[in-house]
1. For the chain, what % of the accessible area comes from carbon and sulfur atoms, probe 1.4 Å?
2. Too long at a 28 Å Cα-Cα cut-off: which of Lys297/Lys387; Lys95/Lys141; Lys141/Lys475; Lys3/Lys187; Lys159/Lys338?
3. What per residue convex hull volume, in Å³, do the alpha-carbon atoms of segment 295-347 yield?
4. Can you list the lysines whose alpha carbon is less than 28 Å from that of Lys663, not counting same-chain residues fewer than 8 positions off?
5. Please report how far the C-alpha centroid of segment 779-827 lies from that of segment 228-300, rounded to the nearest whole angstrom.
6. Enumerate the calculated ³J(HN,Hα) couplings along segment 107-121 in order (Karplus 6.51 cos²θ - 1.76 cosθ + 1.60, θ = phi - 60°), each rounded to whole Hz, writing x wherever the residue is Gly or Pro.
7. What does the highest-first list of 411-419, 245-253 look like by mean Cβ count within 10 Å?
8. When ranked by the protection proxy of mean other Cβ atoms within 10 Å per residue, highest first, what sequence do the peptides 722-735, 759-772 form?
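The values are calculated or read from the model by the stated rules, or taken from the named source; none is laboratory data. Just so it is clear, the structure is predicted and the values come from calculations on it, not from any experiment. Please note: Cβ atoms are built from the backbone with ideal geometry, for glycine as well, and neighbour counts cover all protein chains shown. The protein model used for the area step is the full one, side chains on, heavy atoms only, and it has no ligands, DNA or RNA in it. Shrake-Rupley method; radii C 1.70, N 1.55, O 1.52, S 1.80 Å.
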Amino acid sequence: MPKLVYDFTEGNKDLKDLLGGKGANLAEMTNIGLPVPPGFTITTEACRYYLQHGSTPEGLDAEIQDHLDRLESAMGRKLGDPADPLLVSVRSGAKFSMPGMMDTVLNIGLSDESVQGLAKQSGNERFAWDAYRRLIQMFGKTVLGVDGDYFEHALEAAKQVKGVSNDVDLDAGDLQNLVATYKDIVKKHADMEFPQDPREQVNLAINAVFDSWNTPRAVLYRRQERIPSDLGTAVNVVAMVFGNLDADSGTGVAFTRDPGSGAQGVYGDYLQNAQGEDVVAGIRNTIPLQDLEGIDKASFDQLTQIMRTLENHYRDMCDIEFTVERGKLWMLQVRVGKRTAGAAFRIALQFVDEGLIDMDEALARVSGEELVRLMFPRFDTSGEVTKIATGVSASPGAAVGKVVFDSPRAVELAAQGEKVILVRRETNPDDLHGMIAAQGILTSRGGKTSHAAVVARGMGKTCVCGAEELTVDGKAGQFTAPGGITVREGDVISIDGTSGVVYLGEIPVVPSEVVRYFEGELHPHAADADDLIRAVHAIMVHADHKRRLGVHANADNGPDCARARRFGAEGVGLVRTEHMFLGERRQLVEDLILASTDEERQHALDALEPLQKGDFVEILDAMDGLPVTIRLIDPPLHEFLPDLTDLSVKIAVAGDKATEKDKELLAAVRRLHEQNPMLGLRGVRLGLVIPGLPDMQVRAIARAAAELKQAGKDPQPEVMIPLTATVQETEISRERTEKVLKAVEEETGTHVHTPIGTMIEVPRAALNAGPIAGSAEFFSFGTNDLTQMTWGFSRDDVEGAFFSKYIELGIFGVSPFETIDRDGVGRLVDIAVKEGRAARPDLHLGVCGEHGGDPESVHFFHQVGLDYVSCSPFRVPIARLEAGRAALAGGGSDNR
């Protein structure tokens, strides 16, 4: 086996794969001379071995003992020494920050004997018993699997007996009694005595960290964040330093910039006479970090200097945990901090302005998912609203939903399609599934660095923490607010994660400032444009400069096209013409279907054509000078007719009074009825069986384009033939299309260059792309249908039926309709790109399925060499941003 244990002096920040994020960064801080307690890290390789074999690797125990010996030598104390014990913490630390991983266990090494020595050496008997009760509580819950509520209830009972509200008001005798109670809880519920051997404590805690990699909440978090399941976690063993010794001690969490807004300045939470878990658990309400200056100016000044050092060293906003032990500052953790979407954009540009990074790096540090969050609406409070509380603005956004008080209920209601707000006194890692299901999170305790705040920011969930005005009674299923307001489960509230305000009832929303910017209503350099708009603008401009992929929009009318153009679309990649046959025009399609003679059929087509032409004039005019890809009618004709069952019932009920028209319609519906209509007479097949319909559409396109060109415009239509699977289908359709285009050119005396291509949405077409390319000037990948046909399931039928179960089982990491399935659908795309371009080097390639606006999918389309992606108008900015980031990441295909 390779080396399995690294001292902090042996690692660095680039070894995250081996040492995990926490261990790598502790080593980095040690190596740049910051005050870090001595310790060592057990590697992720040891964890992977343990998970595979069910036991620790040979030699690990000896390496741990060797490093414990060194730690004892460095600290001048021995683990478990009855007179002057060395205490350590055991912490998990994977490559990626994972709130769902094992809680930290502090004060390992304490026993019935050594607690006496700790009391004597510290000169503080209360501190020693507090440390011991914390160890038993953490160890019992985290390592031995005892329900944490047993310990919490015992603590609450002790405070009630004493008549106090905070645990800091319990004296040494109270805590000594609590230790005895905790030990009884362990014996009863873990079926064992609390271990007195400190080395046994260390070994059990290390194995518990390894086991925690596969706990349900860790697995859930990895799936949510798409973290690989085979990374494993490192384990950090660190000499204890104590923030709960006395009033001159304390613990805190700091950010080098505000993770909520990106604002610069001293930012964080501090608790006097506390250990680190007290801050992040949100059990006690903290004080602002700035208040440390008045409590201990020397430590505050040293901390702010270290924060500057770390930010310059990491060239990013840092999240820091620290402890002050009787006036001495210790650094316990640093990592690149999670931040809100707005903070991400602001901070990226701030670092550019400060000369720490360039614009390429700034672009790489933001994401399309973050941009999506910035485009969500915000509350409109200009009308009458009922404000019931104000808390800490932990994670911005506007969330409305029904109140629920526990995570299982949140999951249950969300699965039924309800929007819920999870309300808790404070959250803990067991609430992760409820937090994922909820629209937003509201807590009455904790600050911006509490568990709820940190996890919500990481997930982009709206969160308000520390709303102390609220009294939350989860067991009774209600909370009370000032003024006698009682809110029960099922009542609707609105929470504003930007201001921290909680409202009763549903508050209306208005467009975000970022959407106003994209709409052209807010200029980035206008007086009313804040630094967020300026940051978004600067990064979007750079993304457009860097990207190779074009970005088009899926739009079916003039207003959608105009909006797409404002949002930066460089063309329309998909016009769905079937949408133009709905509403009042549906009757004309019925007439076409019911026509029994060529004359009747032509009459219906003649009525439809001017309407179609008007549609195309509007669209081509809105996109003047840019390409517009118009798909000929794709769905089966039955979609334009009444439902078979409904029509049959109508006629049966009418009896003799049924009209001839209804009877004819029923006959037509029966004639066209298909068991699997999406696999039946549709797309190119429909055009070949009823050629008059696509011919009419092509004629309308050509006449619309000619009219605009005669008016001095620059229309650029492209005709797309849907659902082809054979070269013969493509050839025949192309010949007919060219014939109509030629006829209109002769009729109008106006030539409009109109490329003819096809939609690749059938697996066979992808596998025969070479021959098909001979008759197509462009391919557009319809990845929605291609995904359905490759997987063999209907999106409409299966997403609600089994997708959630498939994700839970790990079969899907994410729905293949959200992000391109690279191994299946993606491979078909790759084959079609290579073979299509081999046959026709100038073949133009794009994608018009919904994947065109998905950030991860955009990177794939860049890599395989497409020319453009097309998506809904709203997602055009996201695609632009991700196309720029994809270009920076490299890896583009040589298919081009």
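1. That share works out to 48 percent.
2. The pairs that break the limit, which is 28 Å between Cα atoms, are Lys297/Lys387; Lys3/Lys187; Lys159/Lys338.
3. Roughly 89 Å³ of hull volume per residue.
4. Here the lysines satisfying the reach criterion relative to Lys663 are Lys650.
5. Cα centres, segment 779-827 to segment 228-300: 43 Å.
6. 6, 5, x, 7, 8, 4, 7, 5, 4, 5, x, 5, 4, 5, 5
7. The peptides rank, most packed first, as 245-253, 411-419.
8. Result, highest mean first: 759-772, 722-735.
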